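The values are calculated or read from the model by the stated rules, or taken from the named source; none is laboratory data. Keep in mind that what you see is a predicted model, and the values were worked out from it rather than measured. Cβ placement follows ideal geometry from the backbone for every residue including glycine, while neighbour counts extend to all protein chains displayed. Accessible surface areas use protein heavy atoms only, side chains included; no ligands, DNA or RNA. Shrake-Rupley method; radii C 1.70, N 1.55, O 1.52, S 1.80 Å.
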Amino acid sequence: MSDKEFIKIKNVSKNFEDVVAVDNINVDIARGEFFSLLGPSGCGKTTLLRILAGFEYPSSGSVFIDNLDVTDITPNLRPTNMVFQNYAIFPHINVKRNIEFGLRKEKLSKDELDERVQNALKMVQLEGYEDRFSNQLSGGQRQRIALARALVKQPKVLLLDEPLGALDKKLREEMQLELRNLQRSVGITFIFVTHDQEEAMTMSDRVAVMNKGKILQISPPRDLYDNPKNLFVGDFIGQINFLDTQIVKIEGNIAKVLINKLGEHELVTNNNNLSQNESIVCAIRPETIIISKTNEKISDICIKGVIANTSFYGNMTYIYVKIEGLSKPIMVSTSDVHDGLSHNSDCYLNIHLKDIRIIQKN
Amino acid sequence: MYNKNNILFFYAIVYFAFLYLPVMLLPVFSFNDAIHMVFPLKGFTLKWYDQMIHSSRLHRALMNSVKVGVIASIFSTFIALLAAKAFTKYKVKLRQLSYGAILLPFVIPEIIIAVSLIVLWTGMGLQLGLVPVTISHILFCTPFCMLVLISRMEGFDRNLEEAAMDLGENAWGTFWRVTFPLALPAIVASLLLSFVISFDEFILAFFLSSQDQTLPLYMWGQLRFPKKLPHVLALGAVIIVATSIIVMLAYWLRNLGSPSDKKSNIGGI
């Protein structure tokens, strides 16, 4: 096995009584990768992380870390460390003793121990906090101590269970950046569980989107956004418009499709599972659509609509455009709202064929 | 509003007087230089305390009570600790039912327990004495210990134990380095509380003790002799002070270093 298969999750399933929490998952994670498990609550991402940590025993399948089958190894003997969602800082001992908690078995001299603790505190920028107790720390500081306590063990893999969930938005964004930098500098493989797509997108090398115990897509963030492989992923990541479509004909990598109310068009696709007459969905990101007041065709498709609603988000505005014959309005986002684009006024949408993605329903 | 507050304040005063005035009479008369408990007070004396200190029957009764109390508190705390751990850590089958079953002695009248135990004990042909008293006290104290320990352990973050394991400790190390120190205040509180309960328990001891008197039985016995009354008052005063200190200590310990920021008062002492 190579570095690409530093962590190998093989056919892992986990049932809790009759609920399938993790459903036959196969993933390879590379050495030094920042890998995120993203999904709504109850999708099995935390269970999968706990299987990696050893707190849950898989109902079937096995887990390999650095060529070693760790499936039957208890958490205390695994080369993994975890940052818990609520940080789990031991309340009865101070920061220093929290950080050296896991070093007892290494039989270090007092000087070595102090040095390791100091380095760990420096890494998370909390020098001078040795004597504090958990209840004297803010949420962000607890989070850093939990990180230091795990990293001081120099694990092969660091597991993070929604560690930023309890922080406020500003601090969370700061910590995202810090965490990413920290991961690059220590070079340890991070596996990060989150339900926040933004968090997963900004930090990860690759993201696995999970739903109902299954991994639906594993891709780098950019690819996940640009080429969602199924409806759930497209919908879960960012905003998107779905249009019912029928495949008319397939010729090589060109699919001739009939998009509801948008007419017949030829799209380039590398999906060779498509078949003629198949009912599919065309996905269009709102920011790829050009909205204008005047009827001029500047792209492949131009269609008339009526503005049903607008919502302002500071850096951009979402405009919902009602198209005759479509049940759901099309969502367009733009940073440039001219006066004419007001409620109930007519407008024209321009869409490039290259921005349309084919998604199979299955 | 002002008036209403005044009324409430007055009510509070009356309420506290109702609670504590009768009890406070004990120490007052224990220093009174007269045999009968009547006003006006005759003069200050410490002779009842002197009499108390030099009564050998009292000493025996005290030692009996301490023995019973120590053993009963250790056993009931131990039993309750295991049960509390199970209730807070695992999904216990029929949770509500077994929880209720464990707490039931709480609401069964003591005299019923006493009667059933005496029937059972003598039916088995065993001698009455301090052993059945101790056993009955374990039975009686365990629900109290359960309440103290469960209320503490419910606020106990399971992630802490997992974090210890994750950081390389096995089950034994996790218990000693994390679980035990965190539960310690509650364990001590439970020990103190059950000791106090056992120490002043009367009905069970009355039924089951036979010749070996515990302190409450001794006091009750002395009340029949008017001359002995004052030194019982002195003893009562000492017990009031000692128990208050122990209970306050227990309460303070229970909340000491509580893992949650909010101090829990649920299922209190």
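Quick one: if the Förster radius is 41 Å, what FRET efficiency do B:Leu82 and B:Lys42 give, using the C-beta to C-beta distance and rounding to 0.05?
Efficiency at R0 = 41 Å is approximately 0.15.
Would you mind telling me the share, in percent, of accessible area of the stretch A:7-235 contributed by carbon and sulfur at probe 1.4 angstrom?
Carbon and sulfur: 47 percent of the exposed surface of the stretch A:7-235.
Quick one: angle between helix A:139-151 and the longest Cα principal axis of chain A, in degrees between 0 and 90, rounded to 10, please.
70
Roughly speaking, to the nearest percent, how much of the stretch A:239-360's 1.4 Å accessible area is carbon and sulfur?
Carbon-and-sulfur percentage of accessible area, whole number: 45.
Are any of the pairs A:Lys249/A:Lys322; A:Lys122/B:Lys89; A:Lys249/A:Lys361; A:Lys105/A:Lys156 more than 26 Å apart by Cα-Cα distance, and if so, which?
As for pairs spanning more than 26 Å Cα to Cα, those are A:Lys249/A:Lys322; A:Lys122/B:Lys89.
Measuring from label point to label point, each 7 Å out along Cα→Cβ, what is the B:Ala101 to A:Lys170 span in nm?
5.6
If Lys and Arg each add +1 and Asp and Glu each add -1, what is the summed charge of the other residues whose beta carbon sits under 11 Å from the beta carbon of A:Phe101?
Around A:Phe101, the charge tally is +4.
Solvent-accessible area per residue for the protein assembly as shown at a 1.4 Å probe radius, Å²?
Using a 1.4 Å probe on heavy atoms only, each residue of the protein assembly as shown averages 51 Å².
Note the angle between two axes, namely the Cα long axis of helix A:169-186 and the longest principal axis of the Cα atoms of chain A, as a number of degrees from 0 to 90, rounded to the nearest 10.
Taking Cα atoms only, the helix is inclined about 60 degrees.
If you take each beta carbon of peptide A:172-184 and count the beta carbons of other chains within 10 angstrom, what is the mean?
That works out to 0 on average.
Where does the stretch A:7-235 land on Rg(C-alpha)/(2.2 N^0.38 Å)?
Output field value: 1.02.
Averaged over peptide A:46-59, how many Cβ atoms belonging to another chain are found within 10 Å of each residue's Cβ?
Counting Cβ atoms of other protein chains within 10 Å of each residue's Cβ and averaging gives 1.
If I fit a long axis through the Cα atoms of helix A:110-123 and take the longest principal axis of the Cα atoms of chain A, what angle between them do I get, 0 to 90°, rounded to 10?
Relative to chain A, helix A:110-123 is tipped by roughly 20 degrees.
Rounded to the nearest 500, what is the 222 nm mean residue ellipticity of chain A from helices alone, with -39500 (n - 2.57) per DSSP H run of 4+ residues and division by all residues?
Dividing the helical sum by the residues of chain A leaves -6500 deg cm²/dmol.
To make sure I understand the rule: partners must be lysines, Cα under 28 Å from the Cα of B:Lys42, and not fewer than 8 residues away in the same chain. Which ones qualify?
Partners found: B:Lys227, B:Lys228.
In chain B, which helices (entire DSSP H runs) extend 18 Å or more along their own long axis, judged by Cα positions, while averaging at least -1.0 on the Kyte-Doolittle scale?
Qualifying helices, which must be both long enough and hydrophobic enough, are B:2-30, B:56-89, B:110-123, B:130-154, B:180-199, B:229-255.
Testing the spin-label approximation: label points 7 Å from Cα along Cα→Cβ at B:Tyr11 and A:Lys304. State their distance in nm.
7.5
Return the loop-located trypsin sites (Lys or Arg not before Pro) in the stretch B:36-126 (DSSP other than H, G, I, E, B) with at most 14 other Cβ atoms within 10 Å of their own Cβ; answer none if there are none.
Here the sparse-neighbourhood loop sites are B:Lys42, B:Lys91, B:Lys93.
Averaged over all directions, how much area does the convex hull of the C-alpha atoms of the stretch B:25-267 cover when projected, in nm²?
16.7
Among the residues of the stretch B:154-168, which ones have their accessible area go down by 20 Å² or more when all the protein chains sit together, as opposed to their chain alone (1.4 Å probe)?
B:Asp157, B:Asn159, B:Leu160, B:Glu162, B:Ala163, B:Met165, B:Asp166, B:Leu167, B:Gly168
What nm distance separates the two modelled labels at A:Val20 and A:Lys212, each placed 7 Å from Cα along Cα→Cβ?
The two pseudo-label positions are separated by 0.9 nm.
With a 1.4 Å probe on protein heavy atoms only, work out how much accessible surface B and A bury together, total over both chains, in Å² to the nearest 100.
Answer for the B-A pair: about 1900 Å² buried.
Taking the protein assembly as shown on its own, what percent of its Cα-Cα pair distances exceed 36 Å?
Result for the distance tail: 60 percent.
Need one value for A:82-89: mean number of C-beta atoms belonging to other chains within 10 Å of its residues' C-beta atoms.
Whole-number average of other-chain Cβ neighbours for A:82-89 is 5.
Contour minus end-to-end for A:Ser327 and A:Arg222, with contour as 0.36 nm per residue of separation and end-to-end as the Cα-Cα distance?
Length gained between A:Ser327 and A:Arg222: 34.8 nm.
Using r as the Cβ-Cβ distance of B:Val238 and B:Leu94, and R0 as 35 Å, what FRET efficiency do you calculate, to the nearest 0.05?
0.15
Could you work out, for the stretch A:239-360, what percent of all Cα-Cα pairs fall into each 10 Å distance bin, beginning at 0 Å and stopping at the bin that holds the largest distance?
The percentages, shortest bin first, are 13, 44, 29, 12, 2.
If you count, for each residue, the other Cβ atoms within 10 Å and average over each peptide, how do A:5-15, A:199-209, A:63-73 line up from highest to lowest?
A:199-209, A:5-15, A:63-73
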